[in-house]
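The values are calculated or read from the model by the stated rules, or taken from the named source; none is laboratory data. Computed from a predicted structure; not experimentally measured. For neighbour counting, all protein chains shown are included, and Cβ atoms are generated from backbone atoms with ideal geometry for every residue, glycine included. Remember, those area values only see protein heavy atoms, side chains included, never the ligands or the DNA or RNA. Shrake-Rupley method; radii C 1.70, N 1.55, O 1.52, S 1.80 Å.
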Amino acid sequence: MPVKRSVKIAGHATSVTLEPEFWDCLKDMATARGLSVNQMVAEIDSARGANLSSAIRVFVLNELKKLAAG
(Lines give C-alpha, C1' and ligand atoms only; values in the text may rest on other atoms or scores of the structure.)
Protein backbone atom coordinates (compact mmCIF):
# COMPACT_ATOMS: atom_id res chain seq x y z
CA MET A 1 0.00 0.00 0.00
CA PRO A 2 1.54 3.35 -1.03
CA VAL A 3 2.48 5.82 1.70
CA LYS A 4 2.20 9.61 1.34
CA ARG A 5 4.97 11.65 2.96
CA SER A 6 5.82 15.30 3.00
CA VAL A 7 9.23 16.38 1.66
CA LYS A 8 10.80 19.81 1.29
CA ILE A 9 12.28 20.90 -2.01
CA ALA A 10 13.95 24.31 -2.08
CA GLY A 11 12.13 25.21 1.12
CA HIS A 12 8.71 24.24 -0.20
CA ALA A 13 6.76 21.29 1.19
CA THR A 14 5.21 18.84 -1.22
CA SER A 15 3.72 15.40 -0.76
CA VAL A 16 5.03 12.29 -2.48
CA THR A 17 3.30 8.91 -2.58
CA LEU A 18 5.51 5.83 -2.86
CA GLU A 19 5.38 2.22 -1.80
CA PRO A 20 7.24 1.55 1.49
CA GLU A 21 9.93 -0.40 -0.37
CA PHE A 22 10.81 2.68 -2.42
CA TRP A 23 10.89 4.88 0.68
CA ASP A 24 13.24 2.36 2.34
CA CYS A 25 15.58 2.23 -0.66
CA LEU A 26 15.55 6.00 -1.05
CA LYS A 27 16.46 6.46 2.62
CA ASP A 28 19.27 3.90 2.37
CA MET A 29 20.65 5.54 -0.78
CA ALA A 30 20.51 9.00 0.77
CA THR A 31 22.25 7.77 3.92
CA ALA A 32 24.98 6.08 1.87
CA ARG A 33 25.64 9.43 0.16
CA GLY A 34 25.56 11.43 3.37
CA LEU A 35 22.34 13.17 2.36
CA SER A 36 18.94 13.57 3.92
CA VAL A 37 15.94 12.17 2.08
CA ASN A 38 14.88 15.76 1.37
CA GLN A 39 18.26 16.52 -0.22
CA MET A 40 18.10 13.35 -2.31
CA VAL A 41 14.56 14.16 -3.47
CA ALA A 42 15.66 17.70 -4.36
CA GLU A 43 18.44 16.27 -6.57
CA ILE A 44 16.00 13.90 -8.26
CA ASP A 45 13.52 16.74 -8.70
CA SER A 46 16.09 18.95 -10.43
CA ALA A 47 16.69 16.31 -13.11
CA ARG A 48 13.19 14.92 -13.55
CA GLY A 49 11.06 14.87 -16.65
CA ALA A 50 8.05 13.01 -15.20
CA ASN A 51 6.03 13.50 -12.05
CA LEU A 52 8.08 13.37 -8.86
CA SER A 53 6.86 9.99 -7.62
CA SER A 54 7.67 8.39 -10.97
CA ALA A 55 11.05 10.10 -11.12
CA ILE A 56 11.94 8.74 -7.67
CA ARG A 57 10.91 5.21 -8.64
CA VAL A 58 12.99 5.37 -11.84
CA PHE A 59 15.96 6.78 -9.91
CA VAL A 60 15.79 3.99 -7.32
CA LEU A 61 15.42 1.34 -10.04
CA ASN A 62 18.40 2.69 -11.99
CA GLU A 63 20.57 2.84 -8.87
CA LEU A 64 19.67 -0.76 -7.97
CA LYS A 65 20.46 -1.86 -11.52
CA LYS A 66 23.90 -0.22 -11.25
CA LEU A 67 24.54 -2.05 -7.97
CA ALA A 68 23.45 -5.37 -9.45
CA ALA A 69 25.75 -4.89 -12.46
CA GLY A 70 28.69 -4.42 -10.11
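Tabulated data
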| quantity | calculated |
| --- | --- |
| Percent accessible area from carbon and sulfur atoms, the range 1-65, protein chains only, probe 1.4 Å | 54 |
| Options [x] 1.21; [y] 1.53; [z] 1.05 - which one matches Cα Rg over 2.2 N^0.38 Å as calculated here | [z] |
| Mean residue ellipticity (222 nm) of the chain, computed from DSSP H runs ≥ 4 via -39,500 (n - 2.57), nearest 500 | -19500 deg cm²/dmol |
| Label-point gap, in nm, between Met1 and Gln39 - each point 7 angstrom along Cα→Cβ | 3.3 |
| Theoretical FRET efficiency, 1/(1+(r/R0)^6), r = Cβ-Cβ of Ser46 and Thr17, R0 30 Å, to 0.05 | 0.90 |
| Crossing angle, helix 37-47 versus the chain [Cα axis fit, 0-90 degrees, rounded to tens] | 90 |
| Mean separation of Cα contacts under 8 Å, 6 or more apart, over the residue count of the chain: relative contact order % | 26 |
